[in-house]
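Here the structure comes first, spelled out in structure tokens, and everything after it is commentary.
The values are calculated or read from the model by the stated rules, or taken from the named source; none is laboratory data. Source: prediction; values computed, not measured. Note that we place each Cβ from the backbone using ideal geometry, even for glycine, and neighbour counts take in every protein chain shown. These accessible areas exclude ligands, DNA and RNA; they are computed on the full protein's heavy atoms, side chains included. Shrake-Rupley method; radii C 1.70, N 1.55, O 1.52, S 1.80 Å.
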Amino acid sequence: MKKFLLLCSFLIGFGWSLANFSGLATAGTYDSIVIDFREAVGSAEIAREVGAIASQYSVSPQLNSEFSTADNVYVVKGDRTLLNALKNSPLAKDTEYIEPNYIYKTLEVPNDPMYNKQWNLRSINVEAAWNETKGDGVTVAVIDTGITIVPDLKDTKFVPGYDFVNDRVEAYDDNGHGTHVAGTVAQSTNNDYGVAGIAYEAALMPLKVLSAEGGGTVADIAEAIKFAADNGADVINMSLGGAGESQIMEEAIAYAHNKGVTIIAAAGNSGENSASYPARYPHVIAVSALGPDGEIAPYSNYGAGVDISAPGGSEAGKILQSTIDPETGAEVFAGFQGTSMAAPHVAGVAALVKATGVKEPEQIRSILLQSARVVAEDPLNHFGAGQLDAAAAVQLALKGQITFRDFFGWLRDNGYLNPGFWVDGGAVALIPKLAMVLGSYLLAWFLRNYFPFQWTWGFSGGLVAGSSGLFFLRGLYIFDLPQWPLRMMGSSIPELGNTIQGSTMLNPIFASVLIPFILIALFLGHQQWKWIAIGSTIGVASCLAVSAFVTPAVWGLGVGLPAQVFLIVNALLCLGLARLALKSEVKTV
């Protein structure tokens, strides 16, 4: 019995592994089902089958529209239980497909009045990315001229920073550059005011290293990098640069990278064939600038060191964000251009990626570059890996990930947590399946009294394979995958003959003593495989016996007494075959 419990635990774990598939993260919602009848099926036959569906399931299938007559497309209200039942009914053979009628929605558009002027955010597909994440739980350090909390940053989260220019805690902006950059990363959004930001649920860490004139030293910048790494920053944005390689800054960057920080920097605005520092250092993502036309901006550095491109603006269209008037300190909405404006786009998307659960900076870097829109002709490396794409980056980050909350939400939404879904045969008939498994073990214990043998994993696996298979897999629907592999793994040996078609009628070849006989003949002389064959034979006997009294349906024999007799006779033959095999085994010991 202990082995039986261990086996059950293994099977449940295996089912969980299959369920932990990336498709779950992208599965849609629906409250109706599409039934597309084949064009070759006559209207009278379609009417009959539609009536049968209405009668059996108490629903009302309707043509999708007046234009659906030619294609025979019907829609019926229903959930996962009805979908599975229809797919496994005789109706399926007359359809092109039976599938969820997924509900698509408009992408999120912020209510900020000037969002329509932010061509840059739409050009990186940020609206689709917001459907998955908005950067919550991530901290972005903005190493710049400081940040002033203007009204359009009022709802943005902040963590303590530092002013390395004036050696004080408050890192206020006296230039306007840093506040503008911070807005691109995390401007307060959906606040009916001003403009929007990319990762607007992320927190900002203001680190002032540049003076009111816009200059600063490598010593201050290096200290700010280490401060960010030591105080919980996940992403660093440096919209600054210059010539001259600095060992103290390179060491600070390596320090932050080793602590798990993703570092982004502007490539430079001198139009040169090389990124400036600190963008050129290892572990830094260097960003070139794009204009509204998607071409490289005329001022942007390119070539050696450039990793990716993002909107930086040009005279044809600048990057609009909230900032300050350096003369008065009052809030203004201003358009800036430069690689300084391009870098925070990448920093914001890096925050969105980080918020999906990706932890390591090299993973985030890889996701940003792999998801970029590749530019085919780029001999001078204007674009690096390509043009930043927020939606593609987030989807790539989410690939293969699923949280427990997502999983149980998916179970709930698809009906798996409803006991009736399992017990009433909506997905699988749970009670008959359990009876098949328990029955196979009872038969094995009965035979063991007369023919003593040792329990093995192979024997236990054979009992499960012959009696029920991994039946819980038959009820799983994994987005965008064909269902027949799950039906195969979720089927017992007698069900394998009809599982691909999804029919409930048993194939008389598989639902008989024939397959167990072949297994015994092939493997009885093998030291390990014989136990799988014997266990499968006993399991088949249990499956056929239970099926004879619960769902006696066999091809060519129909539903009822002939099928019932066929199943009972073959169940007894399987039991006799297992008895002979065990008797032979005992004699050879």
Can you tell me the 0 to 90 degree angle between the C-alpha axis of helix 457-467 and the longest principal axis of the chain, rounded to 10? 70
Shape of region 143-198 from its Cα gyration tensor (a ≥ b ≥ c, root eigenvalues): rounded if a/c is under 1.5, otherwise prolate when a/b > b/c, or oblate? prolate
Given charges at beta-carbon only (K, R positive; D, E negative), |dipole| of the chain in Debye: 4180
Show that you can apply the helix-only estimate: for the chain, add -39,500 (n - 2.57) for every DSSP H stretch of four or more residues, divide by all residues, and state [θ] at 222 nm to the nearest 500. -12500 deg cm²/dmol
Taking DSSP loops as anything outside H, G, I, E and B, show the longest stretch in the chain free of trypsin sites (Lys or Arg not before Pro) there with at most 16 other beta carbons within 10 Å. 400-589
Using the alpha-carbon atoms, what tilt in degrees (0 to 90, nearest 10) does helix 339-355 show relative to the longest principal axis of the chain? 30
Apply 1/(1 + (r/R0)^6) to the Cβ-Cβ distance of Met114 and Glu362, taking R0 = 45 Å, and write down the FRET efficiency to the nearest 0.05. 0.80
Dimensions (Å) - the chain, Cα atoms, principal axes, largest first: 95, 66, 43
Per the C-alpha gyration tensor (a ≥ b ≥ c, the square roots of its eigenvalues), region 176-326 is rounded if a/c is under 1.5, else prolate if a/b beats b/c, else oblate; here it's oblate
Using the basic label-point model (7 angstrom from Cα toward the beta carbon), what is the Glu272 to Gln56 distance in nanometres? 7.5
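Ignoring the sites themselves, what is the longest stretch of the chain with no chymotrypsin sites (Phe, Trp or Tyr not before Pro) in a DSSP loop and at most 14 other beta-carbon atoms within 10 Å?
105-589
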Report the normalised scattering of region 242-389 as log10 I(q)/I(0) at q = 0.15 Å⁻¹, calculated by the Debye formula with identical scatterers on the alpha carbons. -0.76
The set of residues whose placed amide H lies less than 5 Å from the amide H of Thr504, leaving out same-chain residues fewer than 5 positions away, is none
Can you compute the label reach from Thr29? Point 7 Å from Cα along the Cβ direction, backbone N cut-off under 19 Å, restricted to region 94-135. 100-110, 128-134
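Could you check how much of the accessible area of region 287-402 is carbon and sulfur, as a whole percent, using a 1.4 Å probe?
The nonpolar share, carbon plus sulfur, comes to 52 percent.
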Expected unfolding gain across Leu580-Ile568 under the 0.36 nm per residue rule, minus the alpha-carbon gap, is 2.5 nm
Taking the alpha-carbon centre of each part, the distance from region 528-589 to region 254-275 in Å is 69
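Would you rank Met488, Met238 by solvent-accessible area, highest first, keeping every protein chain in place and using a 1.4 Å probe?
Accessible-area ranking of Met488, Met238, largest first: Met488, Met238.
First measure r as the distance between the Cβ atoms of Ala70 and Leu438, then evaluate 1/(1 + (r/R0)^6) with R0 = 56 Å and state the FRET efficiency to the nearest 0.05.
The value I calculate is 0.65.
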On a 27 Å Cα-Cα criterion, which of the cross-link pairs Lys208/Lys354; Lys433/Lys530; Lys117/Lys259; Lys117/Lys226; Lys208/Lys259 come out too long? Lys117/Lys259; Lys117/Lys226
Between Lys93 and Val41, the two model label points (7 Å from Cα along the beta-carbon direction) sit apart by a distance in nm of 1.2
Going through region 174-254, which GluC sites (Glu not before Pro) have at most 11 other Cβ atoms within 10 Å and a DSSP loop state? Glu213, Glu245
In nm, spacing of pseudo-spin labels at Ile248 and Thr328 (7 Å Cα→C-beta vector): 3.9
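Before I look further, what does the chain give for accessible area per residue, probe 1.4 Å, in whole square angstrom?
Counting only protein heavy atoms, the per-residue value for the chain is 44 Å².
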Between the alpha-carbon centers of region 439-459 and region 34-100, tell me the distance in whole angstrom. 46
